[in-house]
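S.K.: My structure is below; once you've seen it, I'll send some questions.
The values are calculated or read from the model by the stated rules, or taken from the named source; none is laboratory data. Everything numeric in this text was worked out from a predicted model, so none of it was measured. Cβ placement follows ideal geometry from the backbone for every residue including glycine, while neighbour counts extend to all protein chains displayed.
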Amino acid sequence: MSATVPTESVRHPAYGGVPQASWDDWRWQMRSRVTSLGALSDLIELTDEERRGIEGRGEAFGFAITPYYLSLIGPPGCPVRAQAVPHVDELVTTPWDLADPLAEDAHAVTPILTHRYPDRGLLYVTHNCPVYCRHCTRQRKVGDVASAPSREMFEASYAYLERTPEVKDVLISGGDPLSLSDRKLAEICARLRSIPSIEVLRLCTRNPVTLPHRVTDALLEALRPHHPIFVHTHFNHPAECTPEAGAALDRLADAGFNVGNQMVLLRGINDDAETVEVLNRWLVRHRCRPYYMLQCDPVGGTAHMRTSVDTGVEILDAMRGRVSGLAIPQLVVDLPGGGGKVTLTPERLVRRDGNKRVYRDMRGREFTYVDEPL
Ligand code: SF4
(Lines give C-alpha, C1' and ligand atoms only; values in the text may rest on other atoms or scores of the structure.)
Protein backbone atom coordinates (compact mmCIF):
# COMPACT_ATOMS: atom_id res chain seq x y z
CA MET A 1 0.00 0.00 0.00
CA SER A 2 1.42 3.35 -0.98
CA ALA A 3 -0.75 5.48 1.33
CA THR A 4 -0.17 5.10 5.04
CA VAL A 5 -1.84 6.42 8.15
CA PRO A 6 0.29 8.58 10.48
CA THR A 7 0.87 6.88 13.83
CA GLU A 8 2.25 9.89 15.70
CA SER A 9 1.14 13.47 16.25
CA VAL A 10 3.17 16.07 14.42
CA ARG A 11 3.75 19.79 14.82
CA HIS A 12 5.46 22.14 12.44
CA PRO A 13 8.73 23.24 14.13
CA ALA A 14 7.51 26.84 14.15
CA TYR A 15 4.87 25.80 16.71
CA GLY A 16 7.31 23.87 18.91
CA GLY A 17 7.09 26.47 21.69
CA VAL A 18 3.31 26.62 21.84
CA PRO A 19 2.06 25.23 25.17
CA GLN A 20 0.13 21.99 24.78
CA ALA A 21 -2.95 23.60 26.34
CA SER A 22 -2.98 26.26 23.62
CA TRP A 23 -2.30 23.74 20.85
CA ASP A 24 -5.25 21.65 22.04
CA ASP A 25 -7.53 24.69 22.31
CA TRP A 26 -9.67 24.97 19.19
CA ARG A 27 -10.09 28.71 19.70
CA TRP A 28 -6.31 29.16 19.69
CA GLN A 29 -6.12 27.10 16.52
CA MET A 30 -8.81 29.25 14.86
CA ARG A 31 -7.16 32.49 15.99
CA SER A 32 -3.79 31.27 14.77
CA ARG A 33 -4.87 30.22 11.28
CA VAL A 34 -2.46 31.09 8.51
CA THR A 35 -4.24 33.37 6.06
CA SER A 36 -1.62 35.43 4.23
CA LEU A 37 1.01 34.75 1.61
CA GLY A 38 3.72 36.23 3.85
CA ALA A 39 2.84 34.04 6.83
CA LEU A 40 2.52 30.89 4.74
CA SER A 41 5.80 31.44 2.92
CA ASP A 42 7.54 31.73 6.30
CA LEU A 43 6.27 28.26 7.17
CA ILE A 44 6.56 26.26 3.95
CA GLU A 45 8.60 26.75 0.83
CA LEU A 46 6.00 27.71 -1.73
CA THR A 47 6.31 26.80 -5.38
CA ASP A 48 5.92 29.44 -8.03
CA GLU A 49 2.57 27.86 -9.00
CA GLU A 50 1.33 28.16 -5.43
CA ARG A 51 2.41 31.79 -5.11
CA ARG A 52 0.64 32.65 -8.33
CA GLY A 53 -2.43 30.75 -7.12
CA ILE A 54 -2.55 32.69 -3.86
CA GLU A 55 -2.09 36.01 -5.62
CA GLY A 56 -4.53 35.16 -8.40
CA ARG A 57 -7.31 33.89 -6.17
CA GLY A 58 -6.95 36.84 -3.79
CA GLU A 59 -10.25 37.85 -2.33
CA ALA A 60 -12.29 35.62 -4.64
CA PHE A 61 -11.55 32.49 -2.59
CA GLY A 62 -8.86 33.11 -0.03
CA PHE A 63 -7.17 30.46 2.03
CA ALA A 64 -6.97 29.67 5.72
CA ILE A 65 -5.07 26.80 7.36
CA THR A 66 -5.05 25.82 11.02
CA PRO A 67 -1.61 25.23 12.59
CA TYR A 68 -2.72 21.61 13.15
CA TYR A 69 -3.57 20.98 9.47
CA LEU A 70 -0.55 22.94 8.31
CA SER A 71 1.65 20.62 10.34
CA LEU A 72 0.48 17.72 8.15
CA ILE A 73 1.68 19.45 4.98
CA GLY A 74 4.60 17.87 3.14
CA PRO A 75 6.48 18.78 -0.05
CA PRO A 76 4.66 19.61 -3.31
CA GLY A 77 2.48 16.67 -4.28
CA CYS A 78 1.40 16.13 -0.67
CA PRO A 79 -2.37 15.43 -0.58
CA VAL A 80 -2.94 17.73 2.41
CA ARG A 81 -1.06 20.54 0.73
CA ALA A 82 -3.05 20.14 -2.49
CA GLN A 83 -6.32 20.53 -0.58
CA ALA A 84 -5.25 23.60 1.41
CA VAL A 85 -2.79 25.71 -0.58
CA PRO A 86 -4.08 27.58 -3.64
CA HIS A 87 -2.51 26.68 -6.98
CA VAL A 88 -2.30 28.61 -10.21
CA ASP A 89 -4.42 25.92 -11.88
CA GLU A 90 -7.39 27.32 -9.90
CA LEU A 91 -7.34 30.23 -12.31
CA VAL A 92 -8.18 27.90 -15.22
CA THR A 93 -11.86 27.87 -16.06
CA THR A 94 -13.86 25.60 -18.34
CA PRO A 95 -17.12 26.34 -20.17
CA TRP A 96 -19.00 23.92 -17.91
CA ASP A 97 -17.83 25.39 -14.59
CA LEU A 98 -20.58 26.77 -12.39
CA ALA A 99 -20.49 29.08 -9.36
CA ASP A 100 -23.33 27.17 -7.72
CA PRO A 101 -23.20 23.71 -9.32
CA LEU A 102 -25.93 22.21 -7.16
CA ALA A 103 -28.30 25.15 -7.76
CA GLU A 104 -28.67 25.64 -4.03
CA ASP A 105 -29.43 29.32 -4.42
CA ALA A 106 -32.15 28.60 -6.98
CA HIS A 107 -33.84 26.33 -4.43
CA ALA A 108 -33.39 28.71 -1.50
CA VAL A 109 -36.58 29.45 0.40
CA THR A 110 -34.82 31.91 2.72
CA PRO A 111 -31.31 33.37 2.33
CA ILE A 112 -29.92 30.47 4.41
CA LEU A 113 -32.33 27.57 3.82
CA THR A 114 -32.34 25.39 0.71
CA HIS A 115 -35.31 23.10 0.13
CA ARG A 116 -34.61 20.93 -2.89
CA TYR A 117 -35.48 17.37 -1.94
CA PRO A 118 -39.02 16.92 -0.56
CA ASP A 119 -38.12 15.73 2.94
CA ARG A 120 -34.79 17.51 3.48
CA GLY A 121 -33.63 21.04 4.14
CA LEU A 122 -30.14 22.48 4.20
CA LEU A 123 -29.46 25.27 6.69
CA TYR A 124 -26.40 27.44 6.10
CA VAL A 125 -25.36 28.50 9.61
CA THR A 126 -21.91 30.06 9.18
CA HIS A 127 -19.50 31.28 6.53
CA ASN A 128 -16.44 30.20 8.55
CA CYS A 129 -14.29 27.10 8.22
CA PRO A 130 -10.98 26.21 9.89
CA VAL A 131 -9.50 25.44 6.45
CA TYR A 132 -10.84 26.58 3.09
CA CYS A 133 -10.68 23.43 0.99
CA ARG A 134 -9.58 24.17 -2.54
CA HIS A 135 -12.25 21.86 -3.97
CA CYS A 136 -15.12 23.40 -1.96
CA THR A 137 -18.49 23.36 -3.72
CA ARG A 138 -19.65 26.39 -1.73
CA GLN A 139 -16.62 28.56 -2.36
CA ARG A 140 -18.95 31.28 -3.65
CA LYS A 141 -20.01 31.80 -0.02
CA VAL A 142 -17.54 30.42 2.50
CA GLY A 143 -15.11 32.89 3.97
CA ASP A 144 -17.28 35.78 2.82
CA VAL A 145 -18.53 37.76 5.81
CA ALA A 146 -21.34 39.08 3.61
CA SER A 147 -22.81 35.56 3.60
CA ALA A 148 -22.90 35.35 7.42
CA PRO A 149 -26.47 34.53 8.50
CA SER A 150 -28.39 37.07 10.58
CA ARG A 151 -30.86 36.33 13.37
CA GLU A 152 -33.70 37.36 11.05
CA MET A 153 -32.55 34.79 8.49
CA PHE A 154 -32.58 32.08 11.15
CA GLU A 155 -36.06 33.08 12.29
CA ALA A 156 -37.38 33.12 8.72
CA SER A 157 -35.91 29.64 8.20
CA TYR A 158 -37.46 28.23 11.38
CA ALA A 159 -40.80 29.74 10.38
CA TYR A 160 -40.58 28.07 6.94
CA LEU A 161 -39.78 24.70 8.52
CA GLU A 162 -42.72 25.09 10.91
CA ARG A 163 -45.15 25.57 8.08
CA THR A 164 -43.53 22.88 5.89
CA PRO A 165 -43.94 19.60 7.77
CA GLU A 166 -42.77 17.47 4.85
CA VAL A 167 -39.21 18.49 5.78
CA LYS A 168 -38.15 15.83 8.26
CA ASP A 169 -34.37 15.91 7.97
CA VAL A 170 -32.34 19.11 8.33
CA LEU A 171 -28.68 19.35 7.37
CA ILE A 172 -26.87 21.92 9.48
CA SER A 173 -24.15 23.07 7.14
CA GLY A 174 -22.10 26.06 6.06
CA GLY A 175 -19.12 26.81 6.08
CA ASP A 176 -18.37 24.53 8.97
CA PRO A 177 -21.02 24.59 11.70
CA LEU A 178 -18.46 23.69 14.36
CA SER A 179 -16.97 27.15 13.82
CA LEU A 180 -19.88 28.37 15.97
CA SER A 181 -19.82 28.31 19.76
CA ASP A 182 -21.27 25.38 21.68
CA ARG A 183 -24.05 27.65 22.91
CA LYS A 184 -25.05 28.80 19.43
CA LEU A 185 -24.98 25.27 18.01
CA ALA A 186 -27.06 23.93 20.88
CA GLU A 187 -29.52 26.79 20.36
CA ILE A 188 -29.91 25.92 16.67
CA CYS A 189 -30.38 22.22 17.43
CA ALA A 190 -32.90 22.95 20.20
CA ARG A 191 -34.90 25.29 17.97
CA LEU A 192 -35.00 22.74 15.14
CA ARG A 193 -35.92 20.00 17.60
CA SER A 194 -38.84 22.12 18.83
CA ILE A 195 -40.44 21.66 15.38
CA PRO A 196 -42.40 18.41 15.76
CA SER A 197 -42.15 17.35 12.11
CA ILE A 198 -38.33 17.32 12.12
CA GLU A 199 -37.11 13.81 12.86
CA VAL A 200 -33.40 13.89 12.15
CA LEU A 201 -30.61 16.46 12.33
CA ARG A 202 -27.40 16.18 10.37
CA LEU A 203 -24.26 18.08 11.21
CA CYS A 204 -21.94 18.54 8.22
CA THR A 205 -18.45 19.27 9.49
CA ARG A 206 -14.85 18.91 8.41
CA ASN A 207 -13.56 19.77 11.88
CA PRO A 208 -12.58 16.15 12.68
CA VAL A 209 -10.19 16.49 9.72
CA THR A 210 -8.96 20.07 9.94
CA LEU A 211 -9.38 20.81 13.65
CA PRO A 212 -10.17 17.66 15.66
CA HIS A 213 -9.55 19.53 18.92
CA ARG A 214 -12.97 21.13 18.35
CA VAL A 215 -14.69 17.87 19.33
CA THR A 216 -14.58 18.60 23.04
CA ASP A 217 -16.50 16.99 25.89
CA ALA A 218 -18.31 20.32 26.36
CA LEU A 219 -19.48 20.31 22.72
CA LEU A 220 -20.70 16.74 22.95
CA GLU A 221 -22.58 17.47 26.17
CA ALA A 222 -24.19 20.53 24.56
CA LEU A 223 -25.41 18.56 21.53
CA ARG A 224 -26.24 15.20 23.08
CA PRO A 225 -29.74 16.24 24.27
CA HIS A 226 -30.73 16.84 20.65
CA HIS A 227 -30.16 13.34 19.26
CA PRO A 228 -30.62 11.78 16.78
CA ILE A 229 -27.82 13.76 15.18
CA PHE A 230 -25.94 12.23 12.26
CA VAL A 231 -22.49 13.70 11.65
CA HIS A 232 -21.22 13.87 8.07
CA THR A 233 -17.52 14.48 7.94
CA HIS A 234 -15.11 14.70 5.04
CA PHE A 235 -11.81 12.80 5.17
CA ASN A 236 -10.17 12.51 1.76
CA HIS A 237 -6.79 10.89 2.37
CA PRO A 238 -5.01 8.65 4.89
CA ALA A 239 -2.54 11.48 5.59
CA GLU A 240 -5.43 13.17 7.44
CA CYS A 241 -5.98 10.12 9.65
CA THR A 242 -3.92 11.26 12.62
CA PRO A 243 -4.18 10.08 16.23
CA GLU A 244 -6.02 13.35 17.02
CA ALA A 245 -8.53 12.80 14.21
CA GLY A 246 -9.13 9.20 15.28
CA ALA A 247 -9.70 10.30 18.87
CA ALA A 248 -12.24 12.91 17.69
CA LEU A 249 -14.18 10.24 15.77
CA ASP A 250 -14.06 7.95 18.80
CA ARG A 251 -15.44 10.70 21.05
CA LEU A 252 -18.30 11.37 18.62
CA ALA A 253 -19.19 7.67 18.43
CA ASP A 254 -18.95 7.25 22.20
CA ALA A 255 -21.38 10.18 22.61
CA GLY A 256 -23.97 8.46 20.42
CA PHE A 257 -23.44 10.30 17.15
CA ASN A 258 -23.82 8.25 14.01
CA VAL A 259 -20.79 9.33 11.97
CA GLY A 260 -20.37 8.97 8.19
CA ASN A 261 -17.73 10.15 5.76
CA GLN A 262 -18.27 11.93 2.48
CA MET A 263 -15.06 11.67 0.53
CA VAL A 264 -14.60 13.72 -2.63
CA LEU A 265 -12.65 12.07 -5.43
CA LEU A 266 -9.71 14.32 -6.26
CA ARG A 267 -7.21 13.85 -9.02
CA GLY A 268 -3.72 12.94 -7.80
CA ILE A 269 -4.95 12.92 -4.20
CA ASN A 270 -7.18 9.90 -3.69
CA ASP A 271 -8.11 8.65 -7.16
CA ASP A 272 -6.83 5.09 -6.70
CA ALA A 273 -8.30 2.06 -4.96
CA GLU A 274 -5.39 1.52 -2.57
CA THR A 275 -5.67 5.01 -1.11
CA VAL A 276 -9.44 4.71 -0.73
CA GLU A 277 -9.07 1.30 0.90
CA VAL A 278 -6.51 2.50 3.47
CA LEU A 279 -8.65 5.55 4.26
CA ASN A 280 -11.88 3.61 4.60
CA ARG A 281 -10.44 0.80 6.68
CA TRP A 282 -9.17 3.42 9.14
CA LEU A 283 -12.56 5.15 9.19
CA VAL A 284 -14.37 1.90 9.95
CA ARG A 285 -11.94 1.19 12.78
CA HIS A 286 -13.05 4.51 14.25
CA ARG A 287 -16.76 3.74 13.77
CA CYS A 288 -17.15 6.20 10.91
CA ARG A 289 -19.03 4.66 7.98
CA PRO A 290 -17.69 5.51 4.52
CA TYR A 291 -20.96 6.89 3.16
CA TYR A 292 -20.31 8.65 -0.12
CA MET A 293 -17.48 8.84 -2.60
CA LEU A 294 -18.51 11.99 -4.44
CA GLN A 295 -17.56 13.03 -7.91
CA CYS A 296 -16.05 16.52 -7.55
CA ASP A 297 -18.66 19.12 -8.48
CA PRO A 298 -17.88 21.30 -11.50
CA VAL A 299 -17.30 24.44 -9.49
CA GLY A 300 -15.00 27.05 -10.99
CA GLY A 301 -11.33 26.63 -10.08
CA THR A 302 -11.47 22.87 -9.55
CA ALA A 303 -11.04 21.52 -13.07
CA HIS A 304 -7.47 20.41 -12.28
CA MET A 305 -8.72 18.44 -9.27
CA ARG A 306 -11.57 16.62 -10.97
CA THR A 307 -11.28 12.99 -12.05
CA SER A 308 -13.16 11.28 -14.83
CA VAL A 309 -16.43 9.70 -13.72
CA ASP A 310 -15.06 6.31 -14.82
CA THR A 311 -12.28 6.57 -12.25
CA GLY A 312 -14.74 6.23 -9.37
CA VAL A 313 -16.41 3.24 -11.00
CA GLU A 314 -13.02 1.56 -11.46
CA ILE A 315 -12.14 2.16 -7.81
CA LEU A 316 -15.39 0.56 -6.68
CA ASP A 317 -14.85 -2.35 -9.06
CA ALA A 318 -11.39 -2.95 -7.61
CA MET A 319 -12.67 -2.85 -4.03
CA ARG A 320 -15.88 -4.88 -4.37
CA GLY A 321 -15.45 -8.42 -3.10
CA ARG A 322 -11.95 -7.76 -1.82
CA VAL A 323 -12.83 -5.22 0.87
CA SER A 324 -15.59 -5.50 3.47
CA GLY A 325 -18.82 -3.87 2.36
CA LEU A 326 -18.59 -1.73 5.49
CA ALA A 327 -15.65 0.07 3.90
CA ILE A 328 -17.22 0.58 0.47
CA PRO A 329 -19.07 3.86 -0.03
CA GLN A 330 -21.72 4.77 -2.57
CA LEU A 331 -20.30 6.47 -5.63
CA VAL A 332 -22.38 9.54 -6.31
CA VAL A 333 -22.57 12.28 -8.89
CA ASP A 334 -24.56 15.31 -7.79
CA LEU A 335 -26.11 16.42 -11.05
CA PRO A 336 -25.20 19.99 -11.97
CA GLY A 337 -28.16 22.32 -12.07
CA GLY A 338 -29.96 20.77 -9.11
CA GLY A 339 -30.92 17.36 -10.52
CA GLY A 340 -29.88 15.65 -7.31
CA LYS A 341 -27.66 12.67 -6.67
CA VAL A 342 -27.28 9.63 -8.91
CA THR A 343 -25.50 6.52 -7.70
CA LEU A 344 -23.08 4.73 -10.02
CA THR A 345 -22.03 1.09 -9.73
CA PRO A 346 -19.73 -1.12 -11.79
CA GLU A 347 -21.65 -3.04 -14.43
CA ARG A 348 -21.74 -6.73 -13.45
CA LEU A 349 -24.58 -7.95 -15.70
CA VAL A 350 -23.00 -9.66 -18.73
CA ARG A 351 -26.19 -10.75 -20.53
CA ARG A 352 -29.82 -11.74 -20.11
CA ASP A 353 -31.00 -15.04 -21.51
CA GLY A 354 -34.74 -15.52 -20.89
CA ASN A 355 -35.11 -15.84 -17.13
CA LYS A 356 -31.36 -16.21 -16.70
CA ARG A 357 -29.04 -13.41 -15.71
CA VAL A 358 -25.34 -13.88 -16.23
CA TYR A 359 -23.16 -11.79 -13.94
CA ARG A 360 -19.42 -11.24 -13.74
CA ASP A 361 -17.74 -11.69 -10.37
CA MET A 362 -14.77 -9.70 -9.08
CA ARG A 363 -12.33 -12.09 -10.83
CA GLY A 364 -14.10 -11.82 -14.16
CA ARG A 365 -15.75 -15.25 -13.92
CA GLU A 366 -19.35 -15.61 -15.11
CA PHE A 367 -22.18 -16.93 -12.93
CA THR A 368 -25.84 -17.49 -13.76
CA TYR A 369 -28.76 -16.48 -11.56
CA VAL A 370 -32.18 -17.86 -12.55
CA ASP A 371 -34.61 -15.03 -11.99
CA GLU A 372 -37.81 -16.96 -11.46
CA PRO A 373 -39.51 -16.30 -8.14
CA LEU A 374 -42.50 -18.54 -7.38
S1 SF4 B 1 -14.92 22.71 5.33
FE2 SF4 B 1 -16.58 22.27 3.87
S3 SF4 B 1 -17.59 24.24 3.53
FE4 SF4 B 1 -15.59 24.67 4.45
S5 SF4 B 1 -14.21 25.02 2.72
FE6 SF4 B 1 -14.05 22.84 3.26
S7 SF4 B 1 -15.53 21.83 1.93
FE8 SF4 B 1 -16.04 24.02 1.93
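S.K.: Every residue in the stretch 50-65 that is small (Gly, Ala, Ser) and crowded, with 16+ Cβ neighbours inside 10 Å, please. Walk me through it before giving the result.
M.R.: Narrowing the stretch 50-65 to residues small (Gly, Ala, Ser): 53, 56, 58, 60, 62, 64.
Passing the criteria: Gly53, Gly62, Ala64.
S.K.: I'm told Thr164 meets every condition in (1) within 16 Å of the ligand (Cβ to nearest atom); (2) over 15 Å from the mean Cα position of the chain (by Cα) except one. Can you identify the failing condition by its number?
M.R.: Thr164 satisfies every listed condition except (1).
S.K.: Moving on. Only one residue in Glu199, Glu244, Glu240 is out of contact with any Cys (no Cβ under 7 Å at 6 or more places or on another chain), away from the ligand (no atom under 16 Å from the Cβ) and closer than 30 Å to Pro6 by Cα. Which one?
M.R.: Glu244
S.K.: I'd like the residue in the stretch 127-156 that is away from the ligand (no atom under 14 Å from the Cβ) and in a helix (DSSP H, G or I) and, out of all such residues, is surrounded by the most Cβ atoms within 10 Å (Cβ to Cβ).
M.R.: The qualifying residue surrounded by the most Cβ atoms within 10 Å (Cβ to Cβ) is Phe154.
S.K.: Let me ask something additional. Being of a type in the set (D, E, K, R), at pLDDT below 95 and either in the same structural domain as Arg206 (by TED's automatic domain parsing) or over 22 Å from the mean Cα position of the chain (by Cα) (or both), is that true of even one residue in the stretch 56-76?
M.R.: Among the residues of the stretch 56-76, at least one is of a type in the set (D, E, K, R), at pLDDT below 95 and either in the same structural domain as Arg206 (by TED's automatic domain parsing) or over 22 Å from the mean Cα position of the chain (by Cα) (or both), which makes the answer yes.
S.K.: Another one. Find the residue count for the stretch 92-126, including only residues that are surrounded by 15 or more Cβ atoms within 10 Å (Cβ to Cβ) and either within 16 Å of the ligand (Cβ to nearest atom) or closer than 24 Å to Arg33 by Cα (or both).
M.R.: Qualifying residue count, the stretch 92-126: 12.
S.K.: Name the residue, out of Thr233, Thr216, that is within 18 Å of Arg183 (Cα to Cα) and among the hydroxyl-bearing types (Ser, Thr, Tyr).
M.R.: Thr216
S.K.: Has the stretch 39-49 got at least one residue that is buried (at least 16 other Cβ atoms within 10 Å of the Cβ), in contact with a Cys (Cβ under 8 Å, 6 or more places away or on another chain) and at pLDDT 95 or above?
M.R.: Checked against the condition, which is being buried (at least 16 other Cβ atoms within 10 Å of the Cβ), in contact with a Cys (Cβ under 8 Å, 6 or more places away or on another chain) and at pLDDT 95 or above, the stretch 39-49 yields no hits at all.
S.K.: Shifting gears a bit: Take the residues in the stretch 163-222 that are of a type in the set (Gly, Ala, Ser) and crowded, with 18+ Cβ neighbours inside 10 Å, then tell me which one is farthest from Ala146 (Cα to Cα). Full working, then the answer.
M.R.: We begin by selecting, within the stretch 163-222, every residue of a type in the set (Gly, Ala, Ser); these are 173-175, 179, 181, 186, 190, 194, 197, 218, 222.
Next, only the ones that are crowded, with 18+ Cβ neighbours inside 10 Å stay: 173-175, 179, 186, 222.
Details: Ser173: 17, Gly174: 13, Gly175: 13, Ser179: 16, Ala186: 24, Ala222: 28 Å.
Here the answer is Ala222.
S.K.: Sticking with this one: Residues that are in the same structural domain as Thr242 (by TED's automatic domain parsing), of a type outside the set (Val, Ile, Thr), in contact with a His (Cβ under 9 Å, 6 or more places away or on another chain) and under 28 Å from Pro86 (Cα atoms): does the stretch 321-335 have at least one?
M.R.: Applying the first criterion (in the same structural domain as Thr242 (by TED's automatic domain parsing)) to the stretch 321-335 yields 321-335.
Still in the list and also of a type outside the set (Val, Ile, Thr): 321-322, 324-327, 329-331, 334-335.
Checking which are in contact with a His (Cβ under 9 Å, 6 or more places away or on another chain) leaves us with none.
Within the stretch 321-335 (the criterion being in the same structural domain as Thr242 (by TED's automatic domain parsing), of a type outside the set (Val, Ile, Thr), in contact with a His (Cβ under 9 Å, 6 or more places away or on another chain) and under 28 Å from Pro86 (Cα atoms)), the answer is no, since none of the residues qualifies.
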